């Protein structure tokens, strides 16, 4: 059984979950997204947020290239 838990931090309120006596928080941002004027620049730390952060489930991630064992042992010579 999962139970919701709310923690108040210096950065803002975080809502997570408790499952089997373990608190879990997913997708807590550490930096602003690198879009518009932030593109191709150093990451800017995200230190606060105004609305409660729902960190009770995984969020979307950027597209990733997933290596497979077939690609590692490719039949094609380089």
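Things worth noting here:
- For the range 7-30, the candidate set comprises residues that are within 12 Å of the chain's Cα centre (by Cα) and surrounded by 12 or more Cβ atoms within 10 Å (Cβ to Cβ); within that set, the residue that is nearest to residue 45 (Cα to Cα) is 29.
- Qualifying residue in the range 1-16 (condition: part of a loop (DSSP other than H, G, I, E, B) and modelled with pLDDT under 90): yes
- Evaluating residue 46 against the criteria (1) in contact with a strand residue (DSSP E or B) (Cβ under 8 Å, 6 or more places away or on another chain); (2) surrounded by 10 or more Cβ atoms within 10 Å (Cβ to Cβ); (3) modelled with pLDDT of 90 or more leaves one unmet condition, (3).
- The residues of the range 31-43 that are part of a loop (DSSP other than H, G, I, E, B), without any contact (Cβ under 8 Å) to a residue 12 or more places away in the chain and surrounded by 10 or more Cβ atoms within 10 Å (Cβ to Cβ), listed by number, are 33, 34.
- The lone exception for residue 59 - which of (1) modelled with pLDDT under 85; (2) loosely packed, with under 10 Cβ neighbours inside 10 Å; (3) under 14 Å from the mean Cα position of the chain (by Cα) it fails: (2)
- Of the candidates 23, 51, the single residue that is closer than 30 Å to residue 1 by Cβ, assigned to a strand (DSSP E or B) and free of Cβ contacts under 8 Å to residues at least 40 places away in the same chain is 23.
The values are calculated or read from the model by the stated rules, or taken from the named source; none is laboratory data. Computed from a predicted model, the values in this text were never measured in an experiment. Ideal geometry is used to build each Cβ from the backbone, glycine not excepted, and the neighbour counts take in all protein chains shown.
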